[in-house]
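Student: I'd like to ask you about the structure that follows.
The values are calculated or read from the model by the stated rules, or taken from the named source; none is laboratory data. Quantities reported herein were computed from a predicted structural model and do not represent experimental measurements. Cβ: placed from backbone, ideal geometry, glycine included. Neighbour counts: every protein chain shown.
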Amino acid sequence: MPSLSKVSRFAITLAPLLALFQVAHGAITGAETATNITISNDYLSLYLDKAKGYITKLKLGNQDLLGTGQGLYLDCYCIPTGAWTPGGSGATFELFQGKDKLQVPYYGVRMSHDYNNIGEVLSQYWFLRDGESGLHAFSRITYNPVANPAAVQGLQEFRTLFRPNNKLWTHLLSSTDQWAPLPGAEAISKQIVVQDATWSYNRTPSDPYVMQMSDYFTKYMFSEEWRGTGVWGMYSNGSTSADGSTYGAWLVQNTKDSYFNGPIHSDLTVDGIVYNYLVSNHHGDGIPYMTTGFERTFGPQYYYFNKGNPTDDIHKLRADAMQFYDPLWNTQFYDTIARHVPGYVSSPNRGKWHAKVSIPAGASNTIAILSANGVDPQDNNVDYKSYQYWAEVDPVTGEVEIDSIVAGTYRLTVYADGIFGDYVKDGIVVEAGHTAHSHVTFKEETAGDEIFRIGIPDKSSGEYLHGYAKDPTKPLHPAQHRLYWALHDFPTDFPNGVNYEVGKSDYSKDFNYVHWSVFGGYANSLRTQPVYDVNNWTVTFDITQAQVKRKKTATFTVQLAGVKTAAGNTDVTGQPYSYLPFIVAVNGKDLDPWIIPANQSSSCAVRSAVRCYNTAHKFVFGTELLSIGKNVLTLSLPYNATDIETAILPTTVYLQYDALRLEVD
């Protein structure tokens, strides 16, 4: 737990940092009238407009952070007609006041709104603590439909947004490696839509974003995985502020246990709006479905605002925000305000877990996950009461520890880059106030002697062409997969298709990051006419007599980092390829197809991602199909397999390979 001096460090200037440790607390105030609620301390002040239901004014010192933008608010895609922003007529409000266990005063506000009085209530909580320049956020939804208790409603999106429209903000950042100037007003006025939420800025080549980052902008370029460091936001470089100071507005994921879908879940972070996506299926993960009795409290997360000297860059202001990226930060404060936030589990009802993991040779980036018992971490949305936790395993000692776990029974999953297969064990019991212990012997799965592997089993397609490799054409060098996907013209890269030769080819150059059924056409502004002869790939390899001597069974493992069936990212069935057949042929002999289910479909590569919903299959066949000498595996999607898209998105189905392996036994 940070000392009070560290917690009190949130003064509104960064330098000299040491001077900030002894900032004295001033008065924090709060007031409520019939039309508004105001809360302020020496650093941050907010104004919540009751007629709208959200924060419409926010200042750091004298600096306006919002302008006349929509503000700081909660919304959802969670009602029968789709999207809804609660607040205004029918909303209720409550102002809180108190002192935490360290005797630091705070104020908080709750906004609640029952949609059309049907029994679906959204609530948003904001808390400001004295001495801090950030807002602690909790979001809550309950579902008890009065007129139709049997009604089911999908919680497709649930998010908070910091949405300014003033000219203060000049840059955006989603991670250390992904940041850029915001596109300028002229570029935006002349932009051309090329895909859903994707624009061409070719008309404004001198715009700083275009010069430094890309000729295209999409909000998906700034998506991040939840395993990564969860601090993102916007920055002002001082050119737009009254006194030349720099400013930052950051979302800090100081806790992640109330999100869903595990550490490989990815989502939007910032695009001129600073998001906190608590639930979404942008990249194809499952969502919770609300039935009578549903209730879920998300949070806390922290919207942090800071001010720096004119020479402080975006990374320095983000580094300041990073001090709060800790699930144990402010535990005593959260325990105090738990009485205001139904559903938040305070520290006396949490425990700890420790394990010693035996790591297999060749493993790197080993992770241990505790999630809903009995299901894959990607699928924990099926239990709306579930929580999730993960931590990196020490590569030298194998030690791993997770603190502040809500008491309960969990599934333990361990996996690592470079290793096929996961370690899975259900029934891990964590008791409040106690430490649970596990000893894990993690071994790579095997189905015999390995003949070859392609790629790295790391749950991504980033190692292949146009994946993680940096774009050499722009100074900020974004990863190529983040760019508008049509820039990676498959017929140009592979005029004869993908024909991979084991032992000769280089998967970073000769294996594409996406296997398309058809390339070009709808939503491809650079190749408007489809190219159809792209759906069959080949893998050629040699077999010796010694390798198959007395071997009867071959196993070809296909691990996918993502797949788009005709079900898209919302798992819609009823189209011909909602359940997608993937066929492997061995020397011209088709094996039984793998029918990939609709509920495993993603929207991955076309939304700038290389790691989405993971799935895998083992094709098992007799070794008599193999030949001594040259062999050919053909990997096939159906010819011209497409879907119906309501948004401007490519209609083709596609696969993104994680890794492939052939074994004999």
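Student: Report whether or not Val146 is farther than 21 Å from Phe222 by Cβ and aliphatic (A, V, I, L, M). Before you say what the answer is, go through the steps one by one.
Tutor: Details: farther than 21 Å from Phe222 by Cβ: yes; aliphatic (A, V, I, L, M): yes.
The answer is yes for Val146.
Student: Counting only residues that are among the aliphatic types (A, V, I, L, M) and part of a loop (DSSP other than H, G, I, E, B), which one in the range 319-369 is nearest to Gly248 (Cα to Cα)? Walk me through how you get there before you give the answer.
Tutor: First pass over the range 319-369, keeping only residues among the aliphatic types (A, V, I, L, M): 319, 321-322, 328, 337-338, 341, 345, 355, 357, 359, 361, 363, 367-369.
Still in the list and also part of a loop (DSSP other than H, G, I, E, B): 328, 341, 345, 359, 361, 363.
Details: Leu328: 23, Val341: 28, Val345: 30, Ile359: 40, Ala361: 43, Ala363: 38 Å.
Among residues in the range 319-369 that are among the aliphatic types (A, V, I, L, M) and part of a loop (DSSP other than H, G, I, E, B), the one nearest to Gly248 (Cα to Cα) is Leu328.
Student: Filter the range 637-665 for residues that are outside any loop (DSSP other than H, G, I, E, B) and charged (D, E, K, R); which is farthest from the chain's Cα centre (by Cα)?
Tutor: Looking at the filtered set, the residue picked out is Glu663.
Student: Assess whether Thr573 counts as being farther than 22 Å from Ile287 by Cα, loosely packed, with under 15 Cβ neighbours inside 10 Å and in contact (Cβ under 8 Å) with a residue 12 or more places away in the chain.
Tutor: On the way: farther than 22 Å from Ile287 by Cα: no; loosely packed, with under 15 Cβ neighbours inside 10 Å: yes; in contact (Cβ under 8 Å) with a residue 12 or more places away in the chain: yes.
Considered against the rule, which asks whether it is farther than 22 Å from Ile287 by Cα, loosely packed, with under 15 Cβ neighbours inside 10 Å and in contact (Cβ under 8 Å) with a residue 12 or more places away in the chain, Thr573 comes out as no.
Student: Answer yes or no as to whether Thr92 is under 23 Å from the mean Cα position of the chain (by Cα), free of Cβ contacts under 8 Å to residues at least 40 places away in the same chain and under 23 Å from Leu58 (Cβ atoms). If you could, list the steps in order and put the result at the bottom.
Tutor: On the way: under 23 Å from the mean Cα position of the chain (by Cα): no; free of Cβ contacts under 8 Å to residues at least 40 places away in the same chain: yes; under 23 Å from Leu58 (Cβ atoms): yes.
It is false that Thr92 is under 23 Å from the mean Cα position of the chain (by Cα), free of Cβ contacts under 8 Å to residues at least 40 places away in the same chain and under 23 Å from Leu58 (Cβ atoms).
Student: Test Asn309 against the criterion of being surrounded by fewer than 15 Cβ atoms within 10 Å (Cβ to Cβ) and more than 30 Å from Leu44 (Cα to Cα), and give yes or no. If you could, list the steps in order and put the result at the bottom.
Tutor: Working: surrounded by fewer than 15 Cβ atoms within 10 Å (Cβ to Cβ): yes; more than 30 Å from Leu44 (Cα to Cα): no.
Answer is no for this residue.
Student: Then there is this: Suppose we filter the range 483-496 for residues that are under 15 Å from Thr652 (Cβ atoms) and surrounded by fewer than 20 Cβ atoms within 10 Å (Cβ to Cβ); how many remain?
Tutor: Of all residues in the range 483-496, those under 15 Å from Thr652 (Cβ atoms) come to 485-486, 488-491.
Checking which are surrounded by fewer than 20 Cβ atoms within 10 Å (Cβ to Cβ) leaves us with 489, 491.
Selection size over the range 483-496: 2.
Student: How many of the residues making up the range 143-194 are part of a loop (DSSP other than H, G, I, E, B) and not charged (D, E, K, R)? Walk me through it before giving the result.
Tutor: Quick first cut of the range 143-194, residues part of a loop (DSSP other than H, G, I, E, B) only: 144-152, 155-156, 164-170, 176-177, 182-184, 190-191.
Within this subset, residues satisfying the condition of being not charged (D, E, K, R) are 144-152, 155-156, 164-166, 168-170, 176, 182-184, 191.
Within the range 143-194, residues that are part of a loop (DSSP other than H, G, I, E, B) and not charged (D, E, K, R) number 22.
Student: Looking at the range 238-250, can you tell me whether even one residue there is outside the structural domain of Leu278 (by TED's automatic domain parsing), free of Cβ contacts under 8 Å to residues at least 12 places away in the same chain and in a loop (DSSP other than H, G, I, E, B)?
Tutor: No: zero hits.
Student: A further question on this structure: Pick out the one residue from Ala150, Ala137 that is assigned by TED's automatic domain parsing to the domain that holds Leu251, of a type in the set (A, V, I, L, M, F, W, C) and more than 22 Å from Asp267 (Cα to Cα). First the steps, then the outcome.
Tutor: Details: Ala137 fails: more than 22 Å from Asp267 (Cα to Cα).
The conditions single out Ala150.
Student: Give the residues of the range 109-136 that are among the hydrophobic types (A, V, I, L, M, F, W, C) and surrounded by fewer than 23 Cβ atoms within 10 Å (Cβ to Cβ), sorted by residue number.
Tutor: Initially, the range 109-136 is screened for residues among the hydrophobic types (A, V, I, L, M, F, W, C), giving 109, 111, 118, 121-122, 126-128, 135.
Within the range 109-136, Ile118, Val121 qualify.
Student: With the checklist (1) in contact (Cβ under 8 Å) with a residue 60 or more places away in the chain; (2) surrounded by fewer than 16 Cβ atoms within 10 Å (Cβ to Cβ); (3) among the aliphatic types (A, V, I, L, M); (4) more than 30 Å from Asn306 (Cα to Cα) in hand, flag the one item Val396 doesn't pass.
Tutor: Result: Val396 passes all but (1).
Student: Just name the residue that is surrounded by the most Cβ atoms within 10 Å (Cβ to Cβ) out of those in the range 434-482 that are of a type outside the set (A, V, I, L, M, F, W, C), part of a loop (DSSP other than H, G, I, E, B) and free of Cβ contacts under 8 Å to residues at least 60 places away in the same chain. Explain how you work it out, then say what you get.
Tutor: Step one: list which residues in the range 434-482 are of a type outside the set (A, V, I, L, M, F, W, C), which gives 434-435, 437-439, 441, 443-446, 448-450, 453, 455, 457-464, 466-468, 470-475, 477-478, 480-482.
Checking the rest, the ones that are also part of a loop (DSSP other than H, G, I, E, B) come to 434, 443-446, 448, 457-464, 466-468, 471-475, 477-478.
So of that shortlist, the ones also free of Cβ contacts under 8 Å to residues at least 60 places away in the same chain come out as 445, 463, 466, 472-473, 477.
Values: Glu445: 14, Glu463: 22, His466: 24, Pro472: 7, Thr473: 12, His477: 14.
Among those residues, the one meeting the criterion is His466.
Student: Identify the single condition in (1) surrounded by fewer than 24 Cβ atoms within 10 Å (Cβ to Cβ); (2) part of a strand (DSSP E or B) that Gly228 does not satisfy, given that it satisfies every other one.
Tutor: The single condition Gly228 does not satisfy is (2).
Student: Next question, about the same structure. Lys52 - would you say it is basic (Lys, Arg) and without any contact (Cβ under 8 Å) to a residue 24 or more places away in the chain?
Tutor: So Lys52 does not fit the description; no.
Student: Among the strands (runs of 3 or more DSSP E) confined wholly to the range 55-107, which include 1 or more residues that are at pLDDT 95 or above, buried (at least 19 other Cβ atoms within 10 Å of the Cβ) and of a type in the set (A, V, I, L, M)? Give the derivation first.
Tutor: Details: elements: 71-79, 82-84, 92-99.
Fully inside the range 55-107 and qualifying: 71-79.
Student: Condition check: over 30 Å from Thr269 (Cβ atoms), surrounded by fewer than 21 Cβ atoms within 10 Å (Cβ to Cβ) and free of Cβ contacts under 8 Å to residues at least 60 places away in the same chain. Does Thr538 satisfy that?
Tutor: On the way: over 30 Å from Thr269 (Cβ atoms): yes; surrounded by fewer than 21 Cβ atoms within 10 Å (Cβ to Cβ): yes; free of Cβ contacts under 8 Å to residues at least 60 places away in the same chain: no.
Taking the combined requirement at face value, the residue does not satisfy it.
Student: I've got another one for you. In the set Val606, Val632, Val610, which member is hydrophobic (A, V, I, L, M, F, W, C), closer than 14 Å to Gln656 by Cβ and touching a Gly at 6+ places or on another chain (Cβ under 8 Å)? Steps first, please.
Tutor: Values: Val606 fails: touching a Gly at 6+ places or on another chain (Cβ under 8 Å); Val632 fails: closer than 14 Å to Gln656 by Cβ.
After ruling out the rest, the residue left standing is Val610.
Student: Further, regarding this structure: What about Ala659, is it buried (at least 19 other Cβ atoms within 10 Å of the Cβ), touching a residue at least 12 places away in the same chain (Cβ under 8 Å) and touching a Leu at 6+ places or on another chain (Cβ under 8 Å)?
Tutor: Numbers: buried (at least 19 other Cβ atoms within 10 Å of the Cβ): yes; touching a residue at least 12 places away in the same chain (Cβ under 8 Å): yes; touching a Leu at 6+ places or on another chain (Cβ under 8 Å): no.
It is false that Ala659 is buried (at least 19 other Cβ atoms within 10 Å of the Cβ), touching a residue at least 12 places away in the same chain (Cβ under 8 Å) and touching a Leu at 6+ places or on another chain (Cβ under 8 Å).
Student: Lys425: modelled with pLDDT of 95 or more, more than 30 Å from Val194 (Cβ to Cβ) and either in the same structural domain as Trp390 (by TED's automatic domain parsing) or not in a loop (DSSP other than H, G, I, E, B) (or both), yes or no? Explain how you work it out, then say what you get.
Tutor: Numbers: modelled with pLDDT of 95 or more: yes; more than 30 Å from Val194 (Cβ to Cβ): yes; either in the same structural domain as Trp390 (by TED's automatic domain parsing) or not in a loop (DSSP other than H, G, I, E, B) (or both): yes.
Spelling it out, Lys425 is indeed modelled with pLDDT of 95 or more, more than 30 Å from Val194 (Cβ to Cβ) and either in the same structural domain as Trp390 (by TED's automatic domain parsing) or not in a loop (DSSP other than H, G, I, E, B) (or both).
Here is a yes/no grid of residues against (1) of a type in the set (Asp, Glu); (2) without any contact (Cβ under 8 Å) to a residue 24 or more places away in the chain; (3) out of contact with any Pro (no Cβ under 6 Å at 6 or more places or on another chain):
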{"site": "Lys307", "(1), (2), (3)": "no, no, yes"}
{"site": "Arg318", "(1), (2), (3)": "no, no, yes"}
{"site": "Phe324", "(1), (2), (3)": "no, no, yes"}
{"site": "Thr331", "(1), (2), (3)": "no, no, yes"}
{"site": "Asp335", "(1), (2), (3)": "yes, no, yes"}
{"site": "Ala338", "(1), (2), (3)": "no, yes, yes"}
{"site": "Tyr344", "(1), (2), (3)": "no, no, yes"}
{"site": "Ser347", "(1), (2), (3)": "no, no, yes"}
